[in-house]
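Notes to accompany the following structure.
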Amino acid sequence: MSSESTVLIFGGCGFVGFHLVRHFVKTSTFTSVAVVSRSAANHDNHVDGATYHSGDLTDHDSIEQLLLKIKPTIIIHAASPSPVTGTPNEYEHVTIQGTKNLLKIAKRSKDVRALIYISSSALAKGPEHVNLDENHPLANTDPKSSAYARTKALADLMVLEANNPFPFSEPSVKETSWEGHLLTASLRFPIVYGTHDPTTIPGCLSALQKGQIAFQLGSGKNLWDFCSIENVCAAHSLLVQALLNPKRSPGAAKVDGEAFNIHDGSPHLFWEFARTVWKFAGHRPKNDKVTSLPAWFVLALASFLEWGYWIVTLRTKRPYNLGRQQVEYACFTHTYSIAKAKERLEFTPKQDFEGGLKEAVTWSLKQDHWDEKLKHVTLTN
């Protein structure tokens, strides 16, 4: 890496993006850290030491001007509509068209050498994923897949196909214009947990507040891989180092143009996540009786409610609590092999599931005021 290097994080005010900004500022991997976000001017997730720029991936010309101004060495693409409440139009607009814009502009840049796409394990084909590797067919080949999974798969593939490495025979690669060349890779994550989480942990706490903890969807035997925000940041550091290493040789393990599954390294029961969140929020059950709703029933109900909801809202909104995608998450196993990341990136996940969850729940209780919201809730049942 040259003496002057900049990482530019699109979506750096979001949950994962915020932690990546803080990570790279703290580790001093780059001489400067820049963020582009639609909410850059007024978002609470700002990190001292980073610069913030307002921008929208779907606005080609403004993004091109920002890249000319910032001159990033590497781009991390973390911008994405919510997997829970985003609509097909939003996914098409941001995930597909926005990614196309960014790849086109990055490849024309003289400064950008690499682009990392923050992807999702949900892009794999089918409702159940059992120890899948990165070669499993993706959701873009499945007409029954959700709009989120399908567009994530298409964007992931676009990023990998855009890979065009600089010839190793070129002298002084680090000093040469990178126009026309770009190293790309994607990191695929399952459910990520940590502080500043706006979705998963608040969703669990909301269920506790509403007294919806005596029911579960499905048998409760389905396993999930989860990923701490600490492992997310560690994986990015390793991939950045591998992509920008000027001493890479043709015989080195290939990382550019590749996708990598990343998680904590050990699966847990899906419903264990929610119950652990409830425990750290102060819930102390008097009995362990839980009513299980059959998967076939809740899947049919979710499909009916989702279509009804979309008809009423003219396809502008999705149900927050009982969409088909959320039901499939709750009822089916989602586990993935990280052998490739261990071999090629030397990724060794830190395993502290309960410790990481405790820190995240404590943050939500204090900073998002869930302690106040739960104050009058009976935490024993």
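Below is a table of values for the structure above.
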read-out	value
Tally, over region 119-162, of residues that are part of a strand (DSSP E or B) and either modelled with pLDDT under 95 or outside the structural domain of residue 87 (by TED's automatic domain parsing) (or both)	0
Wholly within region 173-235, strands (runs of 3 or more DSSP E) carrying at least 3 residues that are under 27 Å from residue 119 (Cα atoms)	183-189, 191-193, 226-228
Search result, residues across region 124-139 that are out of contact with any helix residue (DSSP H, G or I) (no Cβ under 9 Å at 6 or more places or on another chain) and either among the aliphatic types (A, V, I, L, M) or closer than 21 Å to residue 327 by Cα (or both)	130, 131
Tabulated pairs, region 142-153, first surrounded by 24 or more Cβ atoms within 10 Å (Cβ to Cβ), second among the acidic types (Asp, Glu), C-beta under 7 angstrom, 6+ apart or interchain	151/92
Qualifying positions in region 332-380 - more than 19 Å from the chain's Cα centre (by Cα) and among the aromatic types (Phe, Trp, Tyr)	332, 363, 370
Helices (runs of 4 or more DSSP H) (entirely within region 259-354) containing at least 1 residues that are modelled with pLDDT of 95 or more	270-280, 339-344
Output for region 1-39, where each listed residue is of a type in the set (Gly, Ala, Ser) and not in a loop (DSSP other than H, G, I, E, B)	17, 32, 34, 37
Filtered residue count, region 218-237, keeping only those that are closer than 21 Å to residue 330 by Cα and among the small types (Gly, Ala, Ser)	4
Neighbours by Cβ (under 7 Å, 6+ apart or cross-chain): first from region 121-140, touching a residue at least 24 places away in the same chain (Cβ under 8 Å) and on the phi > 0 side of the Ramachandran plot; second surrounded by fewer than 19 Cβ atoms within 10 Å (Cβ to Cβ) and not β-branched (Val, Ile, Thr)	131/337
Per-region count, region 40-88, residues of a type in the set (A, V, I, L, M, F, W, C) and assigned to a helix (DSSP H, G or I)	5
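The values are calculated or read from the model by the stated rules, or taken from the named source; none is laboratory data. Computed from a prediction, not measured in an experiment: that's the story for all the values here. Using ideal geometry, Cβ is built from the backbone for each residue, glycine included, and neighbour counts are taken over all protein chains shown.
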